[in-house]
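Visitor: Take a look at the following structure, please.
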Amino acid sequence: MEETQKKYLAVVHGRLAKKAGTFSSYLAENAAHVVYSTTDIRKGKLSHTAYRVLKETAEFSLLEIDLITGRKNQIRVHLAESGHPIVGDKKYGEKNPQQRCDGAPASHKRLALHALSISFTHPFTGKQVTFETEVPGYLRSLVR
């Protein structure tokens with residue numbers, strides 16, 4: 001049986017130097033339920049997040065993301081640690097609701113991360129099925 005494939009869209013702060021690539025790190029979770037990258041392979045689980053820049057504006061980049069592994073908050077952690085946190089991410093991208101991690105005032109109250117599609121082999125028919133959703137207007141408005 002083929003693996004489940006998930007695609008996401010995210011709007012992140014800034015422009016990425018590489019227009020496509022993969023973030024890889026060992027992810028662990030602390031007692032406060034915050035996920036972070038570690039070099040200690042005994043504490044973390046190897047995680048990979050592939051991305052491709054679809055569009056850029058002066059402030060933001062729209063990314064298509066393929067989850068190679070599926071860990072808790074993986075996308076949010078990898079993007080924040082790359083210096084390009086997801087717009088509206090108060091847990092990993094903003095120090096507080098009034099200020100982004102780059103010091104600018106926060107003006108986005110919603111996380112700009114969207115599950116675009118999921119594909120898997122149907123357990124009874126054996127056929128590959130894909131379910132897709134529409135891109136929310138909120139994400140489109142950020143990168144017009």
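Visitor: Which lysines have a Cα lying under 27 Å from the Cα of LYS45, excluding residues fewer than 8 positions away in the same chain?
Guide: LYS6, LYS7, LYS18, LYS19, LYS72, LYS90, LYS91, LYS95
Visitor: Within 14 Å, Cβ to Cβ, of ALA115, how many net charges do the neighbouring residues add up to if Lys/Arg are +1 and Asp/Glu are -1? Write out the running numbers ahead of the final one.
Guide: On the way: positive: LYS6, LYS7, ARG76; negative: GLU64, ASP66, GLU132, GLU134.
Overall, the nearby charge balance is -1.
Visitor: What FRET efficiency would be calculated for the residue pair VAL135, ARG42, taking the C-beta separation as r and a Förster radius of 30 Å, to the nearest 0.05? Kindly include the intermediate steps, with their values, before the conclusion.
Guide: On the way: r = 40 Å, r/R0 = 1.33.
Rounded to the nearest 0.05, the efficiency is 0.15.
Visitor: Please work out how much length the chain gains when fully extended from ARG110 to GLN5, using 0.36 nm per residue of separation minus the C-alpha to C-alpha distance, in nm with one decimal.
Guide: On the way: separation 105, 0.36 × 105 = 37.80 nm, distance 2.49 nm.
Residue separation times 0.36 nm, minus the Cα-Cα distance, leaves 35.3 nm.
Visitor: Continuing with this model, one more query. Spelling out what I want: for every residue of the stretch 116-132, take phi, set θ = phi - 60°, compute 6.51 cos²θ - 1.76 cosθ + 1.60 (Karplus), and round to whole Hz; glycine and proline get x.
Guide: The phi angles translate into 7, 7, 9, 10, 6, 7, 5, x, 9, 8, x, 8, 6, 10, 9, 10, 10 Hz.
Visitor: Give the long-range amide H neighbours of LEU54: residues separated by 5 or more places, or on another chain, with amide H under 5 Å away, using H modelled in the peptide plane at 1.01 Å from N.
Guide: The answer is LEU62, LEU63, GLU64.
Visitor: How much length would be gained if the chain were fully extended between LYS72 and ALA32, taking 0.36 nm per residue of separation minus their Cα-Cα distance, in nm to one decimal?
Guide: Values: separation 40, 0.36 × 40 = 14.40 nm, distance 1.37 nm.
That works out to 13.0 nm of additional length.
Visitor: Mind listing the phi-derived Karplus ³J(HN,Hα) values for the stretch 13-26, rounded to whole Hz, using 6.51, -1.76 and 1.60 with θ = phi - 60°, and x for any glycine or proline?
Guide: 6, x, 10, 7, 5, 8, 7, 7, x, 9, 8, 9, 6, 8
Visitor: Near LYS18, within a Cβ-to-Cβ distance under 13 Å, what is the net charge of the other residues, with Lys and Arg +1 and Asp and Glu -1?
Guide: Numbers: positive: ARG15, LYS19, ARG52; negative: GLU56.
So the surrounding residues net to +2.
Visitor: Now for a separate question. Would you tally the net charge around ARG71, using a Cβ to Cβ cut-off of less than 10 Å, leaving ARG71 out, and scoring K and R as +1, D and E as -1?
Guide: Local charge sum for ARG71: +1.
Visitor: Sticking with this one: Residue-wise, which Karplus ³J(HN,Hα) couplings in Hz belong to the stretch 63-71, taking 6.51 cos²θ - 1.76 cosθ + 1.60, θ = phi - 60°, and x for glycine or proline?
Guide: Here the 3J(HN,Hα) series is 10, 9, 10, 10, 7, 7, 10, x, 9 Hz.
Visitor: Now a separate question. Label points 7 Å out from Cα along the Cβ direction at ARG52 and THR125: separation in nm?
Guide: With each label placed 7 Å out from Cα toward Cβ, I get 2.5 nm.
Visitor: How high is the FRET efficiency from ALA20 to LYS91, r the C-beta distance, R0 22 Å, rounded to 0.05?
Guide: 0.25
Each reported figure results from applying straightforward, stated rules to the coordinates on display, with no laboratory input. Small disclaimer: the values here were computed from a predicted structure and weren't measured. Positions of Cβ are backbone-derived with ideal geometry, glycine not excepted, and every protein chain shown enters the neighbour counts.
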